[in-house]
Amino acid sequence: MAFLDTLGELAKNLGDKAGDAIELTKLSSKITSEEKAIGEAYKQIGEVYYKKYKDGETLGEDVLPLCTEIDSRNTIIAETRAEIESKKTEQVVAETTADPVTQDEQPATKFCTGCGSPLPAGVAFCSKCGTKS
């Protein structure tokens, strides 16, 4: 039963790590999306200024909304990067504070004196031959 408990705990830990990796991938994807939108805004600023240049106009405040959008998206990127770092820190702390059982800490395996079968910890009688442990 202890083996199944250990196996279950291992599966849970792997599931947690996979979930964390998926979440970090989603956050990284969010950053990429925001950077792409910023690139589009830069392109639009360039088009506005180039058109004004070609038309001989004085450059004015009609690009202000695009600049504000870039500032807003840069804020989102900074917050998302901070969230990623926070999650990575949480993972490191969780991994370093986990209490893994080392080989030295595992209880010694007992064997039945009657048939030699391994006995689970805390068992009073052998399940194979019935000998008292």
Revision key, fill the gap. Flagged in segment 37-75 as surrounded by 11 or more Cβ atoms within 10 Å (Cβ to Cβ) and among the basic types (Lys, Arg), in numbering order, are Lys43, Lys52, Arg73
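When you check Ser33 against the structure, is it in a helix (DSSP H, G or I), among the polar types (S, T, N, Q) and closer than 30 Å to Ala94 by Cβ, yes or no?
yes
Taking the condition of being without any contact (Cβ under 8 Å) to a residue 40 or more places away in the chain and among the acidic types (Asp, Glu), how many residues in segment 23-56 meet it? Spell out how you get there, then give the answer.
If we filter segment 23-56 for residues that are without any contact (Cβ under 8 Å) to a residue 40 or more places away in the chain, which is where we start, we get 25-26, 29, 32-33, 36-56.
From what's left, among the acidic types (Asp, Glu): 40, 47, 55.
Looking only at that region, the number is 3.
Given the residues Ala94, Ala78, which is the only one that is in a helix (DSSP H, G or I), of a type outside the set (Phe, Trp, Tyr) and at pLDDT 90 or above? Please lay out each step first, then the result.
Details: Ala94 fails: at pLDDT 90 or above.
Only one candidate qualifies: Ala78.
The values are calculated or read from the model by the stated rules, or taken from the named source; none is laboratory data. Just so you know, these numbers come straight off a predicted model, no measurement behind them. Counting neighbours? That spans all protein chains shown, and the Cβs are built from the backbone with ideal geometry, glycine included.
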